[in-house]
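The values are calculated or read from the model by the stated rules, or taken from the named source; none is laboratory data. No experiment lies behind these values; they were computed from the predicted model shown. Cβ coordinates were reconstructed from backbone atoms using ideal geometry, including for glycine residues, and neighbour counts include every protein chain displayed. Only protein heavy atoms, including side chains, enter the accessible area calculation; ligands, DNA and RNA are left aside. Shrake-Rupley method; radii C 1.70, N 1.55, O 1.52, S 1.80 Å.
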Amino acid sequence: MIEIANLTKRYGARAAVDDISFSVPPGRVTGFLGPNGAGKSTTLRILLGLDRSDAGTALIDGKPYRRLRYPLHTVGALLDGAGPVPERRAIDHLTWIAQSNRIPRQRVSEVLDAVGLGGVAKRQVKKLSLGMGQRLGLAAALLGNPEILVLDEPVNGLDPDGIRWVRTFLRDYAAQGRTVLLSSHLMTEMADTAHEVVVIARGRITAHGPLDEITAGH
Ligand code: ADP
Ligand code: ADP
């Protein structure tokens, strides 16, 4: 369970995240929807302990996230930014993460197969297509078979087939009683994916509920 309460983060005088509160229950996919610059990544980074809040809390199972206390089997994340080393082979990237997190080596081939990258495991990261790269990021997030999956713009740049695949994958994952939170700046990406949507604009939550109820009001 993810619980965000009165979270605020300022950059200079401006609040990137301004007193937001929402919770994300297990067993469903929750979307975090808002235009670029709305404050989604900032919120997710604080949730994952990569940044500090100025006020309020972002809790995972009642506590702030700490890598040492919550290893990869609690939370898997796919964030923008620091990607894999381009020269490295896909399988080596995952093996390295597995090793540094004491995850058994056999799990690497399991996640490669789970995301459909089994056939290109030995390809260098820079030779993967955009969609394959996204799947590799997802594979890394899944290494610990986490209870909670946090994905920042996971379908950015994917083709329709890729989007359909991620959609089905996330719904199935949530159906196993896990918590899935994914951000997007596109309403269309939430349709048929997120059971519920939290809408953020200019650092504030403007709506929260099933997507059809939210869109019906506009
Ligand atoms: P989103 O993920 O919804 O696109 P962000 O959380 O990345 O939005 O950004 C929210 C706001 O905070 C934006 O106005 C952005 O420019 C600003 N911001 C984000 N990170 C920083 C930073 N490190 N320094 C200054 N401003 C930042
Ligand atoms: P280091 O601190 O030396 O980078 P880490 O064990 O923190 O080593 O991280 C190793 C790799 O695992 C990095 O690529 C990092 O991005 C990735 N990683 C860390 N935490 C997570 C997570 N919760 N989900 C997915 N990947 C993660």
Trypsin sites (Lys or Arg not before Pro), loop per DSSP, at most 16 other Cβ atoms within 10 Å - longest free stretch of the chain
124-201
Could you work out how far apart the two model spin labels at GLN176 and LYS63 are, taking each label as a point 7 Å from the Cα in the direction of the beta carbon, and quote it in nm?
2.3 nm
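Which value results when the Cα radius of gyration for region 1-150 is divided by 2.2 N^0.38 Å?
1.13
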Signed unit charges on C-beta, dipole axis of the chain, positive-most listed residue TYR173, THR206, ALA121
ALA121
Note down the accessible area of VAL108, probe 1.4 Å, to the nearest 10 Å².
0 Å²
Express in nm, to one decimal, how much length is gained between SER109 and TRP96 on full extension, taking 0.36 nm for each residue of separation and deducting their alpha carbon distance.
3.4 nm
For region 188-201, what does the Karplus curve 6.51 cos²θ - 1.76 cosθ + 1.60, with θ = phi - 60°, yield as ³J(HN,Hα) per residue in whole Hz, taken in order and with x for Gly and Pro?
4, 6, 7, 4, 6, 10, 8, 5, 9, 10, 9, 9, 10, 9
From zero outward in steps of 10 Å, how is the percent of C-alpha pairs of region 48-136 spread across the bins?
15, 41, 29, 14, 1
Which whole-angstrom value gives the distance between the alpha carbon centres of region 84-137 and region 145-218?
24 Å
For the chain, what is the mean residue ellipticity at 222 nm derived from helices alone (per DSSP H run of n ≥ 4: -39500 (n - 2.57); sum divided by total residues; nearest 500 deg cm²/dmol)?
-9000 deg cm²/dmol
If you take the alpha carbon radius of gyration of region 86-218 and divide it by 2.2 N^0.38 Å, what ratio comes out, to two decimals?
1.15
Value of relative contact order over the chain, rounded to a whole percent, pairs C-alpha under 8 Å and six or more apart
31 percent
In a GNM of the chain with a 10 Å cut-off on Cα contacts, which of THR74, THR188, THR179 has the highest mean-square fluctuation?
THR188
Note the full-extension length gain between VAL85 and LEU130 as 0.36 nm times their separation in residues minus their Cα-Cα distance, in nm to one decimal.
14.7 nm
What nm value, rounded to one decimal, do you get for the distance between HIS208 and ALA5 when each label is placed 7 Å out toward the C-beta?
1.2 nm
Label model pair ASP54, ASP19: point-to-point distance (7 angstrom along the Cα→beta-carbon line) in nm is 1.3 nm
